[in-house]
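What follows is a set of notes on a single structure, which appears directly below.
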Amino acid sequence: MTTEITSFTLNTGAQMPSLGLGTWQSPLDEVAHAVKTALLTGYRAIDTASAYHNEEGVGRGIRDSGIPRSEIFLTTKLNVSDTHRAAEALDEQLARLGTDYLDLYLVHWPVCVDPTDAKKALDGWDYVKTWLSMQDLLATGKVRAIGVSNFQIYHLEKLFAHPDFKVVPAVNQLELHPYNPSPKLVAFCKEKGIHLTAYAPIGGAGSTLLKDPVVAELAEKYGKTPAQVLLRWGIQKGYDVIPKSVSETRIRENWGALGWSLEEGDVERLSKVETRQKVYRDHWLPERVFVGDDE
């Protein structure tokens with residue numbers, strides 16, 4: 001039987017909870033209640049982003065919960081249009097969240113978008129320069145760890161090759177689930193000491209993963225929901241998982257991914273499912289991101 005996994009140790013030494021609440025597409029007027037519900041249920045990790053336009057609501061939910069800020073692992077992300085001004089953007093995000101520090105600050109995408117034209121890349125700037133400015137933020141005390149999101153192997157290799165690169169990302173946040181397992185990218189990150197956060201861990205909008213026959217069979221075997229089985233798979237693969245929801249019922253249901261284990265053979269069965277279905281794409285960006293490693 002697998003020992004219960006309540007957190008993962010980052011390369012900074014910090015403990016990151018294995019199950020958190022994602023808030024993508026959670027409206028500002030609903031996200032505060034969702035965050036409060038999650039924290040009172042037992043969650044201690046909350047994930048948001050500037051691009052979600054709900055940081056104020058996330059901060060309100062944290063305060064409304066009464067849970068001390070020191071007990072919460074809070075992650076947000078630098079927007080693609082702010083990559084050239086990370087320090088200023090961070091201060092604005094902290095103000096919206098109503099906190100004076102982040103546990104984790106991520107570069108949301110390895111693309112720098114012109115703030116005056118979302119269809120254009122920002123001239124004279126790239127994600128490597130952004131990362132160098134992120135490194136400087138660690139000295140301010142406003143962020144305790146820095147990381148990336150949606151970075152592929154070739155992005156990371158370019159980062160590592162720069163002469164001023166000093167800080168290995170603590171986390172790479174990716175779409176990870178049995179239909180999009182990204183084995184090469186996962187192996188590369190683990191080799192480099194980069195922890196993986198799984199977004200869309202139950203498949204995301206339009207995915208058929210929750211209805212997969214293997215998932216259904218295992219849900220019946222363990223007396224769990226399909227979502228709980230998929231979240232448990234991610235945790236046992238070594239990822240923290242951040243399912244998004246504003247539904248009290250689903251938030252509490254997802255918490256049921258903790259406190260039990262899949263047999264190792266069943267983890268492998270899910271890992272060997274042959275269907276491939278990537279939900280989130282890069283078509284809206286001025287540059288391609290997903291080329292090879294995460295396809």
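The values are calculated or read from the model by the stated rules, or taken from the named source; none is laboratory data. As the structure is a computational prediction, the values presented were derived from the model and not from experiment. Using ideal geometry, Cβ is built from the backbone for each residue, glycine included, and neighbour counts are taken over all protein chains shown.
From the list Val215, Val246, the one residue that fits, being within 27 Å of Glu30 (Cβ to Cβ) and crowded, with 17+ Cβ neighbours inside 10 Å, is Val246. Applying the condition of being aliphatic (A, V, I, L, M) and in a loop (DSSP other than H, G, I, E, B) to region 114-171 and asking which residue is surrounded by the fewest Cβ atoms within 10 Å (Cβ to Cβ) yields Val168.
Residue pairs whose Cβ atoms lie under 9 Å apart, sitting 6 or more positions apart in sequence or on different chains, and linking a residue in region 123-139 that is under 19 Å from Pro286 (Cβ atoms) and modelled with pLDDT of 95 or more to a partner that is buried (at least 17 other Cβ atoms within 10 Å of the Cβ) and of a type in the set (Gly, Ala, Ser), are Thr130/Ala86. Looking across region 36-75, just one residue is surrounded by fewer than 20 Cβ atoms within 10 Å (Cβ to Cβ), among the hydrophobic types (A, V, I, L, M, F, W, C) and under 20 Å from Val113 (Cα atoms), and that is Ala51. Considered as a group, the residues in region 189-221 that are touching an Asp or Glu at 6+ places or on another chain (Cβ under 8 Å) and either among the hydroxyl-bearing types (Ser, Thr, Tyr) or touching a residue at least 60 places away in the same chain (Cβ under 8 Å) (or both) include one that is farthest from Lys237 (Cα to Cα), and that residue is Gly204.
Number of residues in region 172-201 that are closer than 21 Å to Thr48 by Cα and either over 14 Å from the mean Cα position of the chain (by Cα) or not in a strand (DSSP E or B) (or both) equals 4. When region 172-184 is limited to residues that are surrounded by fewer than 24 Cβ atoms within 10 Å (Cβ to Cβ) and touching a residue at least 24 places away in the same chain (Cβ under 8 Å), the one that is nearest to Leu78 (Cα to Cα) turns out to be Glu175.
Considering only residues that are among the polar types (S, T, N, Q) and in contact with a helix residue (DSSP H, G or I) (Cβ under 7 Å, 6 or more places away or on another chain), look in region 238-260 and name the one that is nearest to Phe8 (Cα to Cα). Top of the filtered list is Asn254.
Answer yes or no as to whether Ala216 is assigned to a helix (DSSP H, G or I), of a type outside the set (D, E, K, R) and either modelled with pLDDT under 95 or more than 22 Å from Ala49 (Cβ to Cβ) (or both). Yes: the conditions hold for Ala216. Contact annotation: residue pairs with Cβ atoms under 8 Å, 6 or more positions apart or on different chains, pairing a residue in region 266-287 that is surrounded by fewer than 16 Cβ atoms within 10 Å (Cβ to Cβ) and outside any loop (DSSP other than H, G, I, E, B) with a partner that is modelled with pLDDT of 95 or more and not basic (Lys, Arg), are Ser271/Pro178; Ser271/Pro181; Ser271/Trp233.
Checking the stated criteria, Lys244 turns out to be closer than 26 Å to Arg44 by Cα and of a type outside the set (S, T, N, Q). Leu78 fulfils the conditions (1) within 21 Å of Ala170 (Cα to Cα); (2) surrounded by fewer than 23 Cβ atoms within 10 Å (Cβ to Cβ); (3) of a type in the set (A, V, I, L, M, F, W, C) except for a single criterion, (2). For Val229, the conditions (1) in contact with a helix residue (DSSP H, G or I) (Cβ under 8 Å, 6 or more places away or on another chain); (2) in contact (Cβ under 8 Å) with a residue 60 or more places away in the chain; (3) over 26 Å from Lys36 (Cβ atoms) all hold with the exception of (2).
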